[in-house]
1. Just to be sure I understand the filter: pairs with C-beta atoms under 8 Å, separated by 6 or more residues or on different chains, first member in the range 116-127 and at pLDDT 80 or above and among the small types (Gly, Ala, Ser), second member part of a loop (DSSP other than H, G, I, E, B) and crowded, with 21+ Cβ neighbours inside 10 Å. Which pairs pass?
2. For the range 248-257, indicate whether the set of residues that are in contact (Cβ under 8 Å) with a residue 24 or more places away in the chain, closer than 30 Å to residue 372 by Cβ and in the same structural domain as residue 200 (by TED's automatic domain parsing) is non-empty.
3. Do we find a residue being surrounded by 18 or more Cβ atoms within 10 Å (Cβ to Cβ), closer than 22 Å to residue 206 by Cβ, out of contact with any helix residue (DSSP H, G or I) (no Cβ under 7 Å at 6 or more places or on another chain) and among the hydrophobic types (A, V, I, L, M, F, W, C) anywhere in the range 256-264?
4. Taking the range 303-349, which residues are out of contact with any helix residue (DSSP H, G or I) (no Cβ under 7 Å at 6 or more places or on another chain), without any contact (Cβ under 8 Å) to a residue 60 or more places away in the chain and closer than 16 Å to residue 265 by Cα?
5. With respect to residue 316, is the statement that it is under 20 Å from the mean Cα position of the chain (by Cα), of a type outside the set (Phe, Trp, Tyr) and modelled with pLDDT of 95 or more true?
6. For the range 94-107, does any single residue satisfy the condition of being modelled with pLDDT under 80, assigned by TED's automatic domain parsing to the domain that holds residue 135, of a type in the set (S, T, N, Q) and out of contact with any helix residue (DSSP H, G or I) (no Cβ under 7 Å at 6 or more places or on another chain)?
7. Which one of these does residue 405 not meet: (1) touching a His at 6+ places or on another chain (Cβ under 9 Å); (2) modelled with pLDDT under 95?
8. Would you confirm whether any residue within the range 198-205 is closer than 22 Å to residue 114 by Cα and either surrounded by 18 or more Cβ atoms within 10 Å (Cβ to Cβ) or modelled with pLDDT under 95 (or both)?
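The values are calculated or read from the model by the stated rules, or taken from the named source; none is laboratory data. Given the structure is predicted, the values throughout are model-derived calculations rather than measurements. Reconstructed Cβ throughout: ideal geometry from the backbone, glycine too, with neighbour counts over all protein chains shown.
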Amino acid sequence: MKRLLILMLPALLQAEPDPKIKIPPDSDEAAYPAIERFIQVMETIRTRHPDVDRLTYDRLVNHALEGMLSSLDPHSSYIHPEMAAAMKAHGETDPFIASLGLTVGLRDSGPYVAAVTANGPSDQAKLLANSSIIRIDGKEVANIALPELTQLLNQPAGKVTTIMVKSPVEPKPLEVKLIHQEVSYKALTHAEALAGHPQTGYLRLEQFSSSCATEVEAALDELEDKGMNSLILDLRGNPGGDLNATVQLLGLFVPVKTEVVSVHTRDTREWEHLFTADKKRRERNYHIAVLIDRMSASASELTAGCLQDLKRATVIGELSYGKGSVQNIIPMNNGTALRLTIATYHTPSGRTPHGVGITPDHAIAFTDLDRGNFPLSLIAKTLPAEKQKALTQWQDPAIAKAIEVLSK
């Protein structure tokens, strides 16, 4: 085994690196001792470990590959044969449980958390990507098939699913109760003149769905016709979504043919630059305040960062989530696949929110009371009278700051 792998190395390394593509900081020669060290450890395990049923080459290498991918970033993972086959058969890249904000996968040891959506129930419960799922509602799931796994996890809004997970950073398994939430397919949930400020519009965008730009444009037309001359765009808790819709939405506020997003790979020749449309119905030059928080992610960060870069908006709130990367599913020739981060998103100035977030122009230190009252304020009209009355005693600090900024 050792000799075979060492003999294979020259074939793996024979391609000359393209000078236009960044390469890792070590030389090709460094691969030989690294591979030898890997083989030495694997053979020592196979020779000495007492649990022989767990020592097949296939199992050991699969787990090593899991560790390799998960060490790169929270969004990369190794996809085992059953999972890869199911994804190929159904044309899916992610078995996504929308009501939990959770993407699951399968590997040798059973199901695991492949990804967590910002601000969903799983994220709020502090579940981490690459956590192993041990039990679901008391049921052992080590040998579960993918259809049964998704059936267990897909439940109606309000139902509680209890899962036991083994986090990659905690020594002991943890039991977590997750409340399924209603999945809203309406991107724009609020479009109105701000109470007490009839010339200031307020738009609350929940997600960047394929229809969000159309919804926002229609709302802007109506508000502008009523005399709106400034705008608050609330992206707090918005986990992102459709990139093309994001570009279309940005086109409502910036000049035509403006580069608003670029997608950077290691190969500079493959960088993609996304521009707004070459025509627009209305010019919208009024001042904009964009509200973000620690759960504003992906497309929300690109929107806030782009309008900030182009001096079209003042960003208010707190440091955003920090999700600005692109993942591809790459099939392997042995029936497995990789979910691999292959690029990063960048704003017009060239910065990426990936791992760092977007820093607001005006930082707000949200309190626990603010975090609790904000979602309630969005559904205030549906609350009991006593809760509505309690909300009237609270002032949203982000909106208060936006009013101050827009009034200058």
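1. 122/101
2. Going through the range 248-257, the residues in contact (Cβ under 8 Å) with a residue 24 or more places away in the chain turn out to be 248-254, 256.
Still in the running and closer than 30 Å to residue 372 by Cβ: 249.
Filter once more, keeping what is in the same structural domain as residue 200 (by TED's automatic domain parsing): 249.
Within the range 248-257 (the criterion being in contact (Cβ under 8 Å) with a residue 24 or more places away in the chain, closer than 30 Å to residue 372 by Cβ and in the same structural domain as residue 200 (by TED's automatic domain parsing)), the answer is yes, since at least one residue qualifies.
3. no
4. 328, 330, listed by residue number.
5. Details: under 20 Å from the mean Cα position of the chain (by Cα): no; of a type outside the set (Phe, Trp, Tyr): yes; modelled with pLDDT of 95 or more: yes.
Taking the combined requirement at face value, the residue does not satisfy it.
6. no
7. (2)
8. The answer is no, given that none of the residues of the range 198-205 is closer than 22 Å to residue 114 by Cα and either surrounded by 18 or more Cβ atoms within 10 Å (Cβ to Cβ) or modelled with pLDDT under 95 (or both).
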